[in-house]
């Protein structure tokens, strides 16, 4: 059998099974946990936070944390130093751990541990090795610190052997290239989960993970450490300073969410501070500055030489399309209302479409085609977006229910074929879950008919066929937007619509001239993306071999609509700037991670990331920074307590948990069978204060989970079946004997 | 004579019942076994393309992670969602809990008699590896287990520090022959860091 026949056979068998299963299994009543008469939150049974019951009243406070942020901006690069001070309020030796967010493109490359007047500088190591070094130092009683990356924007620090009533400060340095968009630079420092210390008093009692005996109970005066005044929780220990050197005169400088104090900034140099020494950290710090019109060259080039290698960062902003004269559009919305869209998907799709209708301008024309097995269009051809047509359209959308088959081809052809005057943009917004089988045929139709039109696919629902939609958008020279969550409909649609209002810069390419032989250039990103309104091309380049002469030239080219655009910069324009190599390395790691998606071998990608990260001292998924003090601080016979710094919920997040709900329910009395193991919960449950959640953790809502049935009727059915056959054969045997 | 006919009729009846139940019960296993290969294929495609791939065209689920149990030398692909229809083909990741490999608690449920037979063999300290949809591996260690009543509200516990953890769920008692009981056996695993691979 060929693989495809094999596959078809498998599908057929499986289809049969699923059909039979549905046909034969009687519908089961759905049990909900909230049914009347069931147990409410107040009487969750036999909860067992192990240490809460066994060793009452034993607790030590978590370490306190203060944060100072020092941001130095030089042109397009920000160097940020985050100083975290871990204060141990107890009389015991502590280990602290703290998880915190940083901007997504942050390149963490330096850490210094300061204890008293001593400073220990970090080293970059492979993650495993770094952990080993850290835990060895910890056991030996040396002060040590470790920074690890968990996600591109989530990091953690661990600090070992903080003495009684002592403070250890660690300074983390990261570099970041700033976002430049719509003529403005943007700086964001995430503060939402920066520690607002002192949660409700009860919550920061952390249970001791051991049973004290007589001798150390005497020593452990921390048992009586008073609880901190909760009022202190309302102040914030984050202080922030920005040293701005924009390199160009400015027209504007503002902070989006905080009051700031600044000296004169018109010349592009300024010191910005928060108006108050400490602000409530319930929102991110965002600073935006606008260069004076015409002062910012359309092209900027920065360079740094590290160990015989030259690094460049090029930022080129193409001229913006004329905003007063945005071409009117013909937009065709295509809505999939097939049965597979039933449920949440169709609700999302309706919402997305309604939102898009609201954003049409009077000189736009539009039409809606909805399809299942057949395609039905609202108007015979595109209509101007006026009050009447829009009212009709809204009604049409609201009355759309999901059922029927998925016959995309007819709808697609209808949307593609149609006359549009050359001065109008023709855009097709295709909202579907893409449950189709004739993909190849559809791709051919799209490429045949797309001409100057653009196809934007919007994926809806839990399991859209993203392959189809991504590829269709690629062929249709548009983009693919995936909306997974109904709460994201508006945001995602707004972004899409804003983006497509003006024609983008396409087919971007970078070319070099005047490069001598033996020079190897490694630019990132490898493929330049389309540029939308006001975005610059940002290219990080490494040159190895004999360094390129200053006569070398970089040419960027592209086209907007039919109008070609190109710009050449010569390398002697490059201004030296520190940190360019780090930014290049960070871009390379991003690109390597992305290559996994296109089928690169994970093992070699990992090797490449480790090599790059070690060389440029970057914290990455596979590398960490570790710093260890030479001398021993803690007497070996003193125990160390591991404490995790509680995180706060970002503004707007609410947790419904009470102390009770946090307990893991244990076995009920009625069911005392011993599970195969009852391991050490302590490691997991020892710190569950109710406020502990970070922005990332809010992926998990504080909601109860309905546990599904974890067994099939298979064994029972097989048993019954066997019994049936046994009885049958016994009857037959009996008959023969008779 | 009459008695003999009655016996034949009885034999036929019981035979038919037996055959029906055997086939019906067998389907459950056959389905799980058949689906396994296709789900594994879909997973291989998912991690190489970064795209959600349905294992068969009309599936209403897709693989979201792979679990590897080094001590038991077992690989199990985890599907999205934990509805009954999904669990028939393999363990499912409960919607609304943390995506596998991200900070927070990822809850994964499976049938004790098909996909999650090994849950009862796990011991504290046992390693569990998890591959996310980007192809990256995360290491966990079994921390403990508990039994809960599914008729009561259950809140997934969290490490409280933003660390990742897993909760593996199956029916309790593990060797009961009757399905649909209210008790659930839960195994917790904490991220141990490091990458075995």
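Could you give the nm distance between label points at residue B:58 and residue A:530, where each point is 7 Å from its Cα heading toward the beta carbon?
3.6
How high is the FRET efficiency between residue A:128 and residue A:243 when r is their beta carbon distance and R₀ equals 41 Å, given to the nearest 0.05?
Numbers: r = 37 Å, r/R0 = 0.91.
FRET efficiency, residue A:128 to residue A:243: 0.65.
Going 7 Å from the Cα of residue A:522 in the Cα-to-Cβ direction, what parts of the range A:566-583 have a backbone nitrogen less than 16 Å from that spot?
Residues A:580-583 qualify, since their backbone N sits under 16 Å from the label point.
Once you place label points 7 Å from the Cα toward the Cβ at residue A:271 and residue A:488, how far apart are they in nm?
4.3
Tell me, what is the FRET efficiency for residue A:722 and residue A:373 to the nearest 0.05, using R0 = 60 angstrom and their Cβ-Cβ distance as r?
0.85
Using a 10 Å cut-off around each Cβ of peptide B:99-106, what is the average number of partner chain Cβ atoms that fall inside? Kindly include the intermediate steps, with their values, before the conclusion.
On the way: counts 2, 0, 2, 7, 13, 8, 5, 2.
What the average comes to for B:99-106 is 5.
Nearest 10 degrees, 0 to 90: what angle lies between the long axis of helix B:2-49 and the longest principal axis of chain B (Cα atoms)?
20
For chain B, calculate the relative contact order in percent as a whole number, restricting contacts to Cα pairs under 8 Å that are 6 or more residues apart.
On the way: 386 pairs, mean separation 31.9, N = 197.
The normalised contact order for chain B reaches 16 percent.
In nm, what is the difference between 0.36 nm times the number of residues separating residue A:557 and residue A:140 and their Cα-Cα distance? Please report the intermediate quantities before stating the final value.
Working: separation 417, 0.36 × 417 = 150.12 nm, distance 5.91 nm.
Answer, rounded to one decimal: 144.2 nm.
Compute the relative contact order of the range A:329-501 as a whole-number percentage, counting only Cα pairs closer than 8 Å that sit 6 or more residues apart in sequence. Walk me through the numbers on the way to the answer.
Working: 324 pairs, mean separation 45.1, N = 173.
Dividing the mean separation by the residue count of the range A:329-501 yields 26 percent.
Per 0.36 nm of contour for each residue apart, how much would the distance between residue A:630 and residue A:387 grow if the chain were fully extended, relative to their Cα-Cα spacing?
Values: separation 243, 0.36 × 243 = 87.48 nm, distance 7.59 nm.
Working it through step by step, the gained length comes to 79.9 nm.
What distance in nm separates the simple spin-label points at residue A:614 and residue A:354, each placed 7 Å from Cα in the Cβ direction?
5.7
Which three semi-axes in whole Å describe the equivalent ellipsoid of the range A:329-501, each the square root of 5 times a Cα gyration tensor eigenvalue, listed largest first? Mind showing how you got there, number by number?
On the way: eigenvalues 85, 72, 49 Å².
Ellipsoid half-lengths, sorted descending, are 21, 19, 16 Å.
Once the range B:2-191 is represented by equal point scatterers at the alpha-carbon sites, with solvent omitted, what log10 I(q)/I(0) does the Debye formula produce at q = 0.08, 0.10, 0.15 Å⁻¹?
-0.31, -0.45, -0.88
What is the range A:559-615 by shape, rounded, prolate or oblate, if you read a ≥ b ≥ c off the alpha carbon gyration tensor as root eigenvalues and call it rounded for a/c under 1.5, prolate for a/b larger than b/c, and oblate otherwise? Show your work: numbers first, answer last.
Values: a/c = 4.36, a/b = 1.41, b/c = 3.08.
Oblate, because a/c is 1.5 or more while a/b does not exceed b/c.
Using the alpha-carbon centroid of each, what span in Å lies between the range A:114-128 and the range A:503-538?
38
Does the range B:87-156 classify as rounded, prolate or oblate by the C-alpha gyration tensor (a ≥ b ≥ c root eigenvalues; a/c under 1.5 gives rounded; else a/b over b/c gives prolate, otherwise oblate)? Display every interim value, and only then the final one.
Values: a/c = 1.32, a/b = 1.20, b/c = 1.10.
In terms of gyration-tensor shape, rounded.
Residue A:342 to residue A:91: extension gain in nm, 0.36 nm per residue of separation minus the Cα-Cα distance?
On the way: separation 251, 0.36 × 251 = 90.36 nm, distance 6.10 nm.
Gain on extension, residue A:342 to residue A:91, equals 84.3 nm.
How high is the FRET efficiency between residue A:153 and residue A:298 when r is their beta carbon distance and R₀ equals 35 Å, given to the nearest 0.05? Mind dumping the intermediate values first?
On the way: r = 31 Å, r/R0 = 0.88.
In this case the efficiency is close to 0.70.
Quick note: the coordinates plus some simple rules give every number you see, no bench work behind them. Nothing here was measured: the structure is a model prediction, and the numbers come from that model. Virtual Cβ from ideal backbone geometry, glycine too; neighbours counted across all protein chains shown.
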